[in-house]
Amino acid sequence: MMSDEKNYSMDLEILVGFVDEASDSLTKAVDDLLTVGRKGYDDNLVQSVFRAFHSIKGNSAFFGLFPIKTLSHALEQVLDRLRKKELPADHDVIDPLIDGASVLSTCFSRVRTGGIDAIDTSDISPALNRLHAVIERKQDADMTLKTLLDDLVRVEKNEKNLAQVIEKLSRFVQGEENTDDPEQLRGMVPKTGPEYARRLINLLQSPEKGILPEARCDEIEAEILVLHSSVADESQKALIDDLKKDFIMYRKSVGLDPLLREALLDKIALFPEGRSAADPDAPQGETPGQGPAKTMRVSEASVDQFLSYVGELVVVEEMYASLELQMLEGRLPQREIASSLKKTTDIFKGLSRQLQRSIMEIRKVPVSHLFQRMPKIVHDVAREKNKDIEIVMENGHLQVDKNLIETLEAPLIHMVRNAADHGIENPENRKAAGKPDQGLIVLSAEEVGEHIRVTIKDDGAGLNLEKIRNKAVELGIMDPHSDLDEAKIIDVMFHSGVSTAEHVTDISGRGVGMDVVKKNIEDAGGSIRTVSQPGKGTTFTLTLPSSVTTQIIHGFIVRTGSKRCIIPLDTVNGSLSYSSADISTIKGRRQVLTYNNRLIPLNLLGHIVDPGGPESETRNNGSDIIVVTQAGNMEKAYVVDAVEGIRQVVVKPIHQVGGCETRMMSGGAVMGDGTVALILDMEKIMKFDV
């Protein structure tokens, strides 16, 4: 019995390895196919995609994944005709290949969460039908004759090819016939999720080509709530919560069009089968819909590195034990004890930092995992809107926290979708503006200190600031007599009041649903910045902490009033004593600091973080410190009582601290003396005008 369990575990491990490798190869295959569709036939790329599908076909049969084998075989057949030049590399051929590869990816996702029985032939029927239509497509006569002539020339050098050429000539003269069994395609009904979500699936599988009406969206939202209340398992509820979050974002953005409905169905496809709590046939005491724990692939080198640090930690433990024994036995004088303790503690500090970095590295995956869906999204939008759009992805090899990928996925889908749909102009408008017909979207990522920065840049028409301003005035968000401040107008774009789908075309679609995107980013401790140039395009920059799970930052520790606060070090530009500062007063009230030839607004930090605290209105006792900070485009200076130094701290969530403006805190940190220091969200604090 033990042997059987061991063999099952080994088989499961091999299956998971195959699924992961196949998913990676499918990502590359889709990228290659998009390149072929955009730039024309490339033998190396076509051969590479053919090998990927051929490998998946063979291995899927080994694991009993016969629906995947069937679809892979059809993909392989189309690729075989393409590489033999029997089919042109046009959209009628490339698009079904891309769709088929996407269906394979969904199938593998379901296998990973539900095992080999999670899919059947009905999962692949729509894609299979399209591929068979391509396989049955009559080849172009001129192209086939040219291929045959080329083959006949090669026969002179290798007579072994003669039989193959004769067979090809015979097929050409007689016409190809489809030899696949039509019975296998009958009675197939799309199946994209567990049975307990069937009503929701049916609502999303609307045949409408455009955006779903509000009444249907209300039905979908109600069904999501019913689904959430009917399940008892926490992992199942978490999946439904994630679905609801994306649904709200999509609905508030450009509406539930076919592409976004497909994205929601993809998420439902990952739900475990199980039963809902409302199912009367569910056995009592059974955990309904128990889904598998999240897993991730980790390189052997990363694990080895981590284990080596653990081994060193054992050595440090022995050093402390030996020191303790010598102290108890009185074998060391006081000075030597202090010296040995400091040495051992220093070694432990260095090792703890190495362990921290090592475990963070283990959680990292390439940012290309985040970018991989975007070319398909841009391709589908361009095809639907009759646009020519190229998407370029830079620095995809950058390693980021896996949870960061999950946090950014939905906002990025929305923003890339908007850039392609509303940011990039149609070819006629681009030509009239003196631009190339083909629009460009660039996705890039970089690591900046303790943050990851993801940029979405397009060369479209840019934001229409005047229309956004008019909309803000109409909604009462902005004073009609206020100056046309670009930063304020762009900030209005993220206001929830602007998020009405009926105004998509009025503001190039950018203001719609952006409030939801911003909230998601800020909830993860990040920020979003926008720069737009009329006629030249728009750039969105998303900045998030490197780690979403456990965030460790370098903090600038200060005291103000009765509070101890932490200013993130990457927002600190400098500090100076109050007595030596060049301070002046504007309009008899506002104090400003002259710093590096710049005038910077000066505030008392205690008035923000500790309203009603003991800080006085004026400072001139010579012991106070001014900290100059910057977040985004804003720069301000704050007076504090004292600076305690720079330390590494672990960010913990906070909910309520008496007397403090907790909405301006990004968290708290437990200090060495056991007290809690508040970590300031400098971007929010700078918007607070005292």
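Derivation of every value follows stated rules applied to the coordinates shown; laboratory data play no part. What you see is a predicted model; the values in this text were computed from it and never measured. Here the Cβ positions follow ideal geometry from the backbone for every residue, glycine too, while neighbour counts run over all protein chains shown.
Note down the magnitude of the dipole of segment 300-362 about its Cα centre, charges +1 on Lys and Arg C-beta and -1 on Asp and Glu C-beta and zero elsewhere, to the nearest 20 debye. Don't skip to the end; give the middle numbers.
Details: 7 positive and 10 negative charges, 80 e Å.
That gives segment 300-362 a dipole magnitude of about 380 debye.
Stretching R590 away from V448 to a fully extended chain increases their span by 47.7 nm, per 0.36 nm per residue minus the current alpha-carbon distance. Relative contact order, whole percent, for segment 523-575 stands at 24, derived from Cα pairs under 8 Å and 6 or more residues apart. Other residues within the sphere of radius under 11 Å centred on the Cβ of G555, judged by their own Cβ, net out at -1 (K and R +1, D and E -1). Projected onto their three principal axes, the Cα atoms of segment 300-362 cover extents of 45, 15, 10 Å, largest first.
By the count of other C-beta atoms within 10 Å, a proxy for reagent exposure, K349, K587, K457 are ordered fewest to most as K587, K349, K457. Other residues lying with their Cβ under 9 Å from the Cβ of A669 contribute a combined charge of +2, Lys and Arg counting +1, Asp and Glu -1. Between R383 and D42, residue separation times 0.36 nm minus the direct Cα-Cα distance comes to 120.6 nm. Placing dummy labels 7 Å off each Cα toward the beta-carbon, the span from Q354 to L225 is 5.6 nm. Using only side-chain charges placed at the Cβ, +1 for Lys and Arg and -1 for Asp and Glu, the dipole size of segment 194-275 relative to its Cα centre rounds to 100 debye. Take every Cα pair under 8 Å whose residues are at least 6 apart in sequence, average their separation, divide by the length of segment 364-466, and the relative contact order is 31 percent.
The gain in end-to-end length when the T35 to T541 segment is fully stretched comes to 179.5 nm, 0.36 nm per residue minus the alpha carbon separation.
Taking a Cβ cut-off of under 14 Å around V378, the surrounding Lys, Arg, Asp and Glu residues balance to a net charge of -1, with basic ones at +1 and acidic ones at -1.
From the square roots a ≥ b ≥ c of the eigenvalues of the alpha-carbon gyration tensor of segment 348-485, which class results: rounded (a/c under 1.5), prolate (a/b over b/c), or oblate? In terms of gyration-tensor shape, oblate.
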